[in-house]
Each structure stands twice: as structure tokens, then as C-alpha cells.
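A.B. asks: Here you go, one structure.
Just so you know, all these numbers are worked out from the coordinates, no wet-lab data involved. Bear in mind the structure is a predicted one, so any value in this text is a computation, not a measurement. As a convention, Cβ positions derive from the backbone with ideal geometry for all residues, glycine included, and neighbour counts pool all protein chains shown.
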């Protein structure tokens, strides 16, 4: 599985908004085919990292490379075509489009040239059939024609993952896909993600549900106040003193806090 | 067909084409309050070419469409930078500039207007309106139309999905401007006279109302909006005196009823507009409504309310 170079590599990236340093000097690699979790307390900068990788923000310093090429300067619109698709923390489906139209929007990066743009998306068009097949294979075939705004939360959450998948990405980035799901839905989401992963898609996931993180991912990157404080196996992540401190506060020694905040 | 009826049909057809012109930009999230400006460009181009060079009607219409499209393209680029109310004001300002320029130009007759020699029968705008309607339905069914609606809903996500936002917005706005220009050309040839005063702010507001109150989610919206608001004043023209006679008749003296004031029609129009904004904020025709109508059919696969969880 392990190729010579990682699929995604974040190199010493920093980002600040005004005077607020949101990300400071974060580096990590995502190997092709792996499932990596990006965790940390609220406000640690996880979503900002996602926005930097997907190109919503440009880093102040540092670089991001994907599939062997530096993509720091690649416009956000072009990145999905390289194989980098994501979902969003708050569901960002197009409320006025039907389920299948949202999925067809996910295929956008594979539509090339004016001919694809001018082709009607009728019932038998290739795009629509592919989108419907994808929905059916993910167990969401029941309501392709329904307008998204009318569907329940759990379904919409899953549709958003499928929309990102429709781009046939090499790297699938999921921002809290299990937020608001009940344990049964979370379990089905995990199986769903493992299936996706087994088809060769690399997964980078931001998640607070540690049960899901441990059962899905072998490795985790932990952020706190914009800095990386841990990188390694999810098995031992909660034994790490810095991680414990980030989540639970300093029970141990006082000067530990100062060290953790300043240089990690 | 009576002259009155054919006149109404011609106006209706022109308004539908005009509404579709504005719809194409509104459907991409660009509120366009410059409709009168684009219509004036098309109308004056057609009138001028017909009056000065004696061009045949189809050529003048084509020129009006193309020229207005070029104006639209030129406006679409700078307004990409504007959002919300500033976008509305920018398009509104464009219409005012066009009106001001025409009013102060000797070539185009200034305040006197231009008489147009070429005349078209009512069925010409009606046929063209039918073609335009089919064209817009086609556009909205393509991936380009999907992109337009996606941009309307969420630009940032559309961008991340790979939608070429600037390109789609500019093309949709320019095509819309071209259609508004076509409506203007048909106006010139139907009424055989153009003057700047008829391309005023009220016209821009009305056509935007057609689109917004008709509904921007589907291509049915502008058709319904334009039809409703064009025919409503005509229906009220007969209905109002009848209602007044009836009401007064309840109290006995039905013989000597003066016809109600004309302005009542506009009061009722205004009240209906407010009511529609309250009860159908997304417009008259919405997608859930169409889906609901489809589900009524026996062949429907999934009964409405039955969703998981």
C-alpha cells in the first residue's frame, strides 16, 4: 500500500485571521489508502485545516501538496478535479435541488467542456443514471427526486458524503459526519466509510465521536489551539499527557500547561 | 380575434420573454433591476434600424437581441464583484444611464421617441415567446442550468464542487439581457412607437416582481408570474365595476352606479403582491409544489410523508 510519497502532505502551514493565529506550523502526512482522524477540542483549528486543504483559505506560510504536486496555489475550484473532495460540518447541500441533482453536482469535476454543460440531464442521461446508481448502492435510493430541504437530518448528512463521493475522489475529507447521528446511524456510517475505504479511497475525517474514530481510523492527528500536539496510533491517543490536558485540563503539574501551550 | 384580445396576447408574450430574460440572471442569484435598460436597448436598436435603414423585422429583432446581449456581457463582468443590494443598485443604475442617454440623444429622437415602420401581428411575439419558453426549459434541464441553481443556493460550495462560477454567472446574465432585448424589439414592432418614458423604473420593478412572485426555483415560475400579473389588471377591468354594482345593489340603488376609480386596480394588485409575499415567499410555483402534484399520480413511487426516522 505504501507508495514512495504520501497522498496528502501538509508542510509547516500557518494561518492567522487578523491578529488571531489560528493554525501555527502544522505538518502531517496522509498515506494513500489510509484512514486518518483529525481531532482536537472545539476551536482547535480542524475545520480551518480542512479549508486550507480544500482551498477556501490560502495559508500565510507553508505548503500543501497532493498526489505529488504542490497545490498551495491551485484555485479551490480546480482541486476537486485533482481528486480532493470534502463534506461540511454544517450540512451544505443545495436546499432547492433534489437529492439526485445534488449528487450530479458532485460529478461536476468530471464534466468537461461546453458539450457536457449543454447536454440535458434527462431521466436516461448518463450522469443521472450514475448518480442514481451511486445513491442506490449507498442505500439511499428511495428518494432521488425529493427536494433536499424536506428530508430528515440523518439522511441529509449521508447524502452530503455521497455527493463528495460522486466526484470519485482519491482523498475524501469529512468534517464531523457523525455529529447529530444516533449510535445506530453512526455504526452504519462507519460501515459505509469502511466500504468506501476498501475501494481505495483515502479518508481524512474530523470527528468528536472517539468511538467512531477508534473503530474507523488507525491513526490520528490531534490539534489544540492551532498546533499539532499528537500524531500516531488512535489506540494510545488518550494516554498522551498533552492530549489529556487539551481535553480535560491540567490535573497534573501546572508548568505542564505552559509547556504544552507554547511549543508543541 | 378581437383587437383587444390580440393586443393582450401580444403584451403577454412580450412580458413572458422579458420575465425569462430577468429570470436567467435571478436564477443564478443575481437580482437584476435593470430590465427596462436592456429592453430599451433592444427596442431602440430595432426601432432605429427599422426607421433609418428599413431593415426587415427579423433582422432588427436579431440586432436588438445581440446588442442587448453585448450590453449584458459588458455589465455582467463588473457586477461580479457586487453582492446583494449593491448588485441590485448597479443594475438599476445601468437602466437609468440607458434611459438618460436615450433621452439626451438626437439620433434616437430624444423625448420625442421613434416611430417604427415595421409592424408585427400578435402571433409573432406569441410564437417567439413559445420558442423562448422551450429554450429556457431546455437550459434549466442541462448541467449548465444545474450549475445556475447551485450557484443560487450556495456559491462557496458550488466553487468547491468545481462549478465555474464567474463563467456561469456572466453567460446567464448576458443571455438574460439578450432575451430582454428581444422583448424590447418585439415591443417596438408591436406598438410601432418607442419612447424613453415607457422604459422606466416601474417596468424594471414589475418584471422582477413577475419573476420573484412567480417563483425562481423552476422555469414555470416566470411563466406563471408574467401571466398572472399581465392578465390580472385586465380581469379586474371587468370584475371591479361588476363587483361594485353588486355591492351597491345589495343596498337597493343599483341603477346609478358610477364605475369605480381606475386606481382601485392597482390597489388590489398591491394587496395581492403583499399577500403572495406572506403566503408564498418562495414564489407561486415551487419545487415541492410540483413534486406534490406529481405524487398525486397513481404511478408515484414514494408517498410523500414516508421518510425514514
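A.B. asks: So what's the projected area for segment B:1-103, the Cα convex hull averaged over all directions, in nm²? Show your work: numbers first, answer last.
C.D. replies: Values: hull surface 31.2 nm².
It is 7.8 nm².
A.B. asks: Please report the antiparallel percentage of DSSP beta bridges with both residues in chain A, rounded to the nearest 5. Before the final figure, lay out each step's value.
C.D. replies: Details: 21 of 37 bridges.
Roughly 55 percent of the beta bridges in chain A run antiparallel, per DSSP.
A.B. asks: Now a separate question. Under a point spin-label approximation (7 Å from Cα along Cα-to-Cβ), what is the residue A:5-residue A:125 distance to one decimal in nm?
C.D. replies: Placing both labels 7 Å beyond Cα along the Cβ direction yields 3.7 nm.
A.B. asks: No solvent, one uniform scatterer per C-alpha: report log10 I(q)/I(0) for chain A via the Debye equation at q = 0.15 1/Å, two decimals.
C.D. replies: The Debye formula, applied to the Cα set alone, gives -1.12.
A.B. asks: Which FRET efficiency, nearest 0.05, do residue A:214 and residue B:282 yield, Cβ-Cβ r, R0 41 Å?
C.D. replies: Efficiency at R0 = 41 Å is approximately 0.40.
A.B. asks: Can you give the calculated 222 nm mean residue ellipticity of chain A, where each DSSP H run of n ≥ 4 adds -39,500 (n - 2.57) and the sum is split over every residue, rounded to the nearest 500 deg cm²/dmol?
C.D. replies: -10500 deg cm²/dmol
A.B. asks: Expressed as a whole number of Å, what is the distance separating the alpha-carbon centroids of segment A:166-237 and segment A:79-108?
C.D. replies: So the separation of the two Cα centres works out to 19 Å.
A.B. asks: Moving to a separate point now. What is the pair-distance distribution P(r) of segment A:189-229, computed from all Cα-Cα distances in 5 Å bins starting at 0, with each bin given as a whole percent?
C.D. replies: Distribution as computed: 6, 19, 30, 23, 12, 8, 3 percent.
A.B. asks: Same structure, new question: Taking the inverse of the average 1/r across all pairs of different Cα atoms in segment B:3-213, what Kirkwood radius in Å do you get?
C.D. replies: By the Kirkwood definition, the hydrodynamic radius is 17.0 Å.
A.B. asks: Then there is this: Where does each of B:244, B:167, A:157 land when they are ranked from fewest to most other beta-carbon atoms within 10 angstrom? Let's see the in-between values first.
C.D. replies: On the way: B:244 17, B:167 12, A:157 21.
Ranking B:244, B:167, A:157 by Cβ neighbours within 10 Å, fewest first, gives B:167, B:244, A:157.
A.B. asks: One-quarter of the Cα convex hull surface for segment B:230-295, in nm²?
C.D. replies: 6.5 nm²
A.B. asks: Can you tell me how much longer the chain between residue A:231 and residue A:136 gets when fully stretched, taken as 0.36 nm per residue apart minus their C-alpha distance, in nm with one decimal? All intermediate terms of the calculation are to be shown ahead of the outcome.
C.D. replies: On the way: separation 95, 0.36 × 95 = 34.20 nm, distance 3.67 nm.
My answer for the length gained is 30.5 nm.
A.B. asks: What average count of beta carbons from other chains do you get within 10 Å of the Cβ of residues in A:97-106?
C.D. replies: 4
A.B. asks: Over segment B:92-174, one equal point on each Cα, no solvent: what is log10 I(q)/I(0) by the Debye formula at q = 0.11 Å⁻¹?
C.D. replies: Result of the Debye calculation: -0.59.
A.B. asks: Taking the alpha carbon gyration tensor of segment B:103-223, what are the square roots of 5 times its eigenvalues, largest first, to the nearest whole Å?
C.D. replies: Working through the eigenvalues yields semi-axes of 33, 17, 13 Å.
A.B. asks: Given R₀ = 41 Å, what would the calculated FRET efficiency be for residue B:275 paired with residue B:80, taking r from the Cβ atoms and rounding to 0.05?
C.D. replies: Efficiency at R0 = 41 Å is approximately 0.70.
A.B. asks: Pick from A:81, A:18, A:226: which is most flexible by mean-square fluctuation in a GNM of chain A where alpha carbon atoms under 10 Å apart are linked?
C.D. replies: Highest fluctuation among the options: A:18.
A.B. asks: Just the Cα atoms of segment A:114-264, one point each, no solvent: what log10 I(q)/I(0) does Debye give at q = 0.13, 0.15, 0.16 Å⁻¹?
C.D. replies: Normalising to I(0) and taking log10 leaves -0.73, -0.88, -0.95.
A.B. asks: Run through all the Cα pairs of segment A:93-168 and give the fraction in each 5 Å bin from 0, expressed as whole percent.
C.D. replies: 3, 17, 30, 26, 15, 6, 2, 0
A.B. asks: Stick to the Cα atoms of segment B:161-273, pair each with every other, and give me the Kirkwood hydrodynamic radius in Å at one decimal.
C.D. replies: 17.4 Å
A.B. asks: Moving to a separate point now. Which of A:239, A:133 has the fewest other C-beta atoms within 10 Å, and how do the rest follow up to the most?
C.D. replies: Exposure proxy ranking, most exposed first: A:239, A:133.
A.B. asks: To continue, here is another question. Which value in Å does the Kirkwood hydrodynamic radius of segment A:1-81 take, with 1/r averaged over all unlike C-alpha pairs and then inverted?
C.D. replies: 13.2 Å
A.B. asks: Given the rule -39500 (n - 2.57) for each run of at least 4 DSSP H residues, summed and divided by the residues of chain B, what is its mean residue ellipticity at 222 nm, to the nearest 500 deg cm²/dmol?
C.D. replies: It comes out at -24000 deg cm²/dmol, rounded to the nearest 500.
A.B. asks: On a full-extension model of 0.36 nm per residue, what is the gain between residue A:244 and residue A:195, subtracting their alpha-carbon distance, rounded to one decimal in nm?
C.D. replies: Roughly 14.5 nm would be gained on extension.
A.B. asks: Continuing with this model, one more query. For segment A:1-146, what value does the Rg/Rh ratio take when both radii are computed over Cα atoms and Rh is the Kirkwood radius, given to two decimals?
C.D. replies: Result for segment A:1-146 is an Rg/Rh of 1.03.
A.B. asks: What order do you get for B:210, A:247, A:230 when you list them from fewest to most C-beta neighbours inside 10 Å?
C.D. replies: Lowest count first: A:247, A:230, B:210.
A.B. asks: Cα-Cα pairs above 35 Å in the protein assembly as shown: how many percent?
C.D. replies: Percent of Cα pairs beyond 35 Å in the protein assembly as shown: 50.
A.B. asks: Using a simple spin-label model with points 7 Å from Cα along the Cα→Cβ vector, what separation in nm is obtained for residue B:123 and residue B:192?
C.D. replies: It works out to 2.0 nm between the two label points.
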